[in-house]
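Quick notes on the structure that follows.
FYI, it's all coordinate maths here, none of it is from the lab. Note that this is a predicted model, so its numbers are computed, not measured. Using ideal geometry, Cβ is built from the backbone for each residue, glycine included, and neighbour counts are taken over all protein chains shown.
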Amino acid sequence: MPDMGAESFDYIIVGAGIMGLAIARQLHAQRPNDSILILEKEEQLAFHASGRNSGVLHAGFYYSADSLKAKFCVQGNARLKSFCKTNKIPLNECGKLVVAGNASELTQLRELGRRGEINKAGTQLISADEAQKIQPGVYTHDQALFSPNTATSDPRLVAAALRTEIEALGVKISTHTRFISRKQQLIHTTRGDFNYRKKLINAAGLYADKIAHQYGLGLRYTVLPFKGLYLKYAKNKSDVRTNIYPVPDPRFPFLGVHFTITVDGTIKIGPTAIPAFWRENYSGLSRFSLHEFAAISRLEANLFISNAFNFRTLALEEMRKFQRSYMIGLASRLVPSIDKEGFGEYSTPGIRAQLFDRVSNSLVQDFVIEADQTSVHVLNAVSPGWTCSFPFADYIIESFVLKDMQ
C-alpha cells in the first residue's frame, strides 16, 4: 500500500548528473503523460563527476566493438554536439592526436586505429610529419592516430540546458534531497517520503551501488573511487591546439597523462587516477566519512597486497603524479617543446566512480545496468559516460525501464 501522506510519481530518478537528466528527457519523450521526479542530494545539478570531468566528447575508438561503450560513443558524440549547437553551448572541435612514444607502442596504436575503423569513429592513422602539421612540436614514433571528431564542451552548461528543457516539460527536480532508504515503492529522503507507481531509476553515480544493494541488486559490486587532478598551463592558450594522448598502457585501466584543450581553449595536463579513501574525497577532510574510509581503506589495502589488476603498481605510479615535476615530465614526452615553467594551478578535482567486481577481483570496464520489476540501477557509467549519455539513456529506457510495460 502506498503511503497516503507521501507525494506520488510514476517514475523517480535518483541523481541529477548527466545520466539522470538524459534519462528523464528521453523517458518523458516516451511517456509524456507520466509524472517524473528527480532526486538530487546536492544544491547544484551535475555537482560530482558530470560537472567535474574534462569535457571531452570522445570519438569512440578506444572500445572493443562488442562493448556498450563502443555501441553508444559514436552516436553520442554526434548527438551531444548537435545538442550543444541547438542550445548555443560553446563547442571546441579541436580533435585529438594519439601518439606513440616508441616502436613497441605502434602495435597498440594500430589496434586503436582498427577499432576506430570498426566503430566508424572517423579516425585515421597518419605519419609523424602529418602529426607535426596538426600540432607543431608533438613527438610520435613513425605514426600517430588522428581523431577529428573528438571535441570539448562544458558539461555544466549541458546539464543546465537539460534542466531548463525537462522542467519546461513538467519534470520535477528536488535538490537537497538525499535518498536514505526504501520500503517497497516508498522512498525515504532527507525531504520526506515519495512513492513511485512504476519504477525507480538509480543514476546516483558514486552511491549507485549502495542504493542498488537496498534492492538486493549489484551485490557483487562496490564503487572504488579514484581522484582525478588536472594541472593548467598558464603561459598561453596557443602552445597546444589539439588534445594529445599517449598510447594507453595496457597494464592500467586509464588513459594516462595527456593534454586536454578545454572548451575555452585552456590547456591542461592530467589527470591523475589516485586511489581515494572515501567517495567524495576531493580535498583535505571535506565530506569525510569514517564508515567509507574504513571500508575503502580495507579494500585498497587488500588490493595493494595482492596487486590485483596491477593495483599496487598503479597506486604507486599515481602517487608520483602528486609531484608537479613528474606529471609535467610525463606530459613533455608528448610535446617536448612545452615550457615546463608555464604551468599554473590545479583545476577542480573530480572523483571517478569506478565499479569494482568483488567476484572477479577486477575493475569493470564497460557500462553495467541491473534491474528488477520496479527498479533499474545504472551501476557503472564512467568515461565516456558523458559522451554516451543520450543513446545510453535510450538503451536504459528501452531495455530496462519500459521492457515489461510495452
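Short to long, the 5 Å bins of the Cα pair-distance histogram for the stretch 132-256 hold 2, 6, 10, 13, 14, 13, 11, 10, 9, 7, 4, 2, 0 percent of all pairs. Label sites at LEU316 and SER127, each approximated as a point 7 angstrom past Cα along Cα to Cβ, lie 4.2 nm apart. For the stretch 12-144, the C-alpha radius of gyration divided by 2.2 N^0.38 Å, with N the number of residues, is 1.34. Using alpha carbons only, the radius of gyration of the chain set against its Kirkwood radius gives Rg/Rh = 0.97. What you get for the chain, charging only the Cβ of Lys and Arg (+1) and of Asp and Glu (-1), is a dipole of about 280 debye around the Cα centre. Non-local amide H neighbours of PHE252 (under 5 Å, H modeled in plane, Pro and chain starts lacking H): which ones? Correct list: empty. Across the options GLY342, PHE277, SER383, the greatest Cα extent toward the positive end of the charge dipole of the stretch 276-406 (unit charges at beta carbon of Lys, Arg, Asp, Glu) belongs to GLY342.
What is the calculated FRET efficiency for ASP357 to GLN108, with r their C-beta to C-beta distance and R₀ = 22 Å, to the nearest 0.05? Spell out each step's value before the answer.
On the way: r = 24 Å, r/R0 = 1.11.
Efficiency for this residue pair is about 0.35.
Computed from the Cα positions only, the extents of the stretch 330-375 along the three principal axes stand at 57, 24, 15 Å, in decreasing order.
Ignoring lysines fewer than eight residues from LYS133 along the same chain, the ones with Cα atoms less than 16 angstrom from its Cα are LYS96.
For the stretch 256-406, the spread of Cα positions along the three principal axes, ordered from largest to smallest, is 60, 39, 29 Å. Here the Kirkwood formula puts the hydrodynamic radius of the stretch 223-288 at 13.5 Å, using every distinct Cα pair.
Other residues whose C-beta falls under 13 angstrom from the C-beta of PHE288 contribute a net charge of 0, scoring Lys and Arg +1 and Asp and Glu -1. Shape descriptor for the stretch 265-329: Rg over Rh equals 1.04 (Cα atoms; Rh from the Kirkwood inverse mean 1/r). Of the residues HIS58, ALA29, VAL14, the one whose Cα sits farthest towards the positive end of the charge dipole of the stretch 1-58 is HIS58 (charges of +1 on Lys and Arg Cβ, -1 on Asp and Glu Cβ, taken about the Cα centre).
Computed from the C-beta positions of ARG333 and SER399, the FRET efficiency with R₀ = 60 Å rounds to 0.90.
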